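Report on the following structure.
The values are calculated or read from the model by the stated rules, or taken from the named source; none is laboratory data. Source: prediction; values computed, not measured. Using ideal geometry, Cβ is built from the backbone for each residue, glycine included, and neighbour counts are taken over all protein chains shown.
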Amino acid sequence: MRDRTTGTLMVAGAVAANTAFAVLGAVFDYPDVLGHPAAEVLARFHRRPVLIGSTFLLLAVGAGLLAPIALRLRRHAGRYGRALAVIGVAAAAVQVVGLLRWPLLVPFLDVESFPVVHTALGTVLGETVGYLLTAAWTTLAAVALGRRMPGGRFSLALAAASVPMIAAGVLVPLGFEFADAANFAGYVLWSLWLVTAGTFFITSGRKADAEATTSSKSAIAKRDNGSSSVNHSASLPGNREVYTSEKKERSLRTRR
C-alpha cells in the first residue's frame, strides 16, 4: 500500500506538533505552567508573546493536519472510511480551536477572563473532547486498516497502545496524578505511530517498482536481441539469396 501524500502528511504532523511542544516546554514551561495561577501564566506569556504565540500556531498546524490525514485514509479504510473521515476532521477541529486561543485571544485577556476562556476552549474542548475524539479515531484506524496497516504489527501495536493513554487525559481535570503522565506517553506513542506508518506509506512499493522496471528493461532487451538476430540471419550469404528471391517474387505478384 503506497500513498506518498498521506505518508508525508502523517510525518509532517508528528514533526510539527512535537517540535512545537518541545519549544513551548523550553520557553513557557508548557504544559506544567497551566497548573499555576492565571496571573503567573499571563505574566510568563507576555514575556515572549510573539515566540510563544507563533509556536502555539505551529502546534495548531500539526494538530490540524489530522484532518487531511483522515480524509486521505478514507480510501484505505473500506466500510469504515466515512466514519474515519468525520471523526478525524472533528478531532482536528476541536484541537485547533483550543490551541488558537493562545495567539488570538490570550494576548488580550486579563486575570479574570483568562480562567473562563482556558476552561472552555482549553480544558473542555481542546483537551477533553480532543482526547476522546483522537482516541476514537485511532481505534477506528487500527480496526479499519488491521493487517494492512503500514508498518505491520509494530505500527499497529503503537496505535493500539496509544489509545487508552490518550483517553486517560480526560482524567487530568479530575485530579488523577497518573493521568497527565499517561496522556503524555500516549501522545509519544501516537507520534511514533504516525512517523512509522507515514514512512511505510511513502516507501512501500519501491521494491515492486524497481522489479517492474527491471522486468520491463529485460523484456525490451530480449525484444531488441530477437530483432537483431532476425536481421543478422537475413544478412548471411545463403539467407540473403533466399530473402532476395522471395522479395522479387512478391514484387512480381504485386505487378500482376
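Assorted remarks:
- Taking the criterion of being of a type outside the set (Gly, Ala, Ser) and within 17 Å of Leu132 (Cβ to Cβ), the residues of the range 155-172 that qualify are Val163, Pro164, Met165, Ile166, Val170, Leu171, Val172.
- Evaluation of Ala167 against (1) at pLDDT below 95; (2) more than 28 Å from Thr5 (Cβ to Cβ); (3) buried (at least 19 other Cβ atoms within 10 Å of the Cβ) (one fails), failing number: (1)
- Any hit, the range 52-75, residues being farther than 29 Å from Thr199 by Cα, at pLDDT 95 or above, in the same structural domain as Met149 (by TED's automatic domain parsing) and not acidic (Asp, Glu): yes
- Complete set of residues in the range 38-52 that are of a type in the set (D, E, K, R) and in contact (Cβ under 8 Å) with a residue 12 or more places away in the chain: Arg44, Arg48
- Test: residue in the range 53-69 that is at negative phi, without any contact (Cβ under 8 Å) to a residue 12 or more places away in the chain and assigned to a helix (DSSP H, G or I): no
- Within the range 154-183, being among the charged types (D, E, K, R) and in contact with a helix residue (DSSP H, G or I) (Cβ under 7 Å, 6 or more places away or on another chain) holds for one residue alone: Asp180.
- Val106 meets each of the listed conditions (1) aliphatic (A, V, I, L, M); (2) touching a Ser or Thr at 6+ places or on another chain (Cβ under 9 Å); (3) surrounded by 20 or more Cβ atoms within 10 Å (Cβ to Cβ) apart from (2).
- Selected residue (criterion: surrounded by the most Cβ atoms within 10 Å (Cβ to Cβ)) from residues of the range 170-181 that are of a type in the set (Gly, Ala, Ser) and under 21 Å from Leu125 (Cβ atoms): Ala179
- Looking only at the range 154-197, residues that are over 20 Å from Val11 (Cβ atoms), without any contact (Cβ under 8 Å) to a residue 40 or more places away in the chain and among the β-branched types (Val, Ile, Thr) come to 1 in all.
- Subset of the range 142-153 [in contact with a helix residue (DSSP H, G or I) (Cβ under 6 Å, 6 or more places away or on another chain) and in contact (Cβ under 8 Å) with a residue 40 or more places away in the chain]: Ala144, Met149, Pro150, Gly151
Here's the yes/no breakdown for (1) within 14 Å of the chain's Cα centre (by Cα); (2) surrounded by fewer than 18 Cβ atoms within 10 Å (Cβ to Cβ); (3) among the polar types (S, T, N, Q):
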position: Leu9; (1), (2), (3): yes, no, no
position: Phe21; (1), (2), (3): no, no, no
position: His36; (1), (2), (3): no, yes, no
position: Ala39; (1), (2), (3): no, yes, no
position: Ser54; (1), (2), (3): no, yes, yes
position: Val61; (1), (2), (3): yes, yes, no
position: Leu65; (1), (2), (3): yes, no, no
position: Gly88; (1), (2), (3): yes, no, no
position: Leu99; (1), (2), (3): no, no, no
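- Of the residues making up the range 41-52, just one is of a type in the set (A, V, I, L, M, F, W, C), within 19 Å of Glu112 (Cβ to Cβ) and exposed (fewer than 15 other Cβ atoms within 10 Å of the Cβ), namely Ala43.
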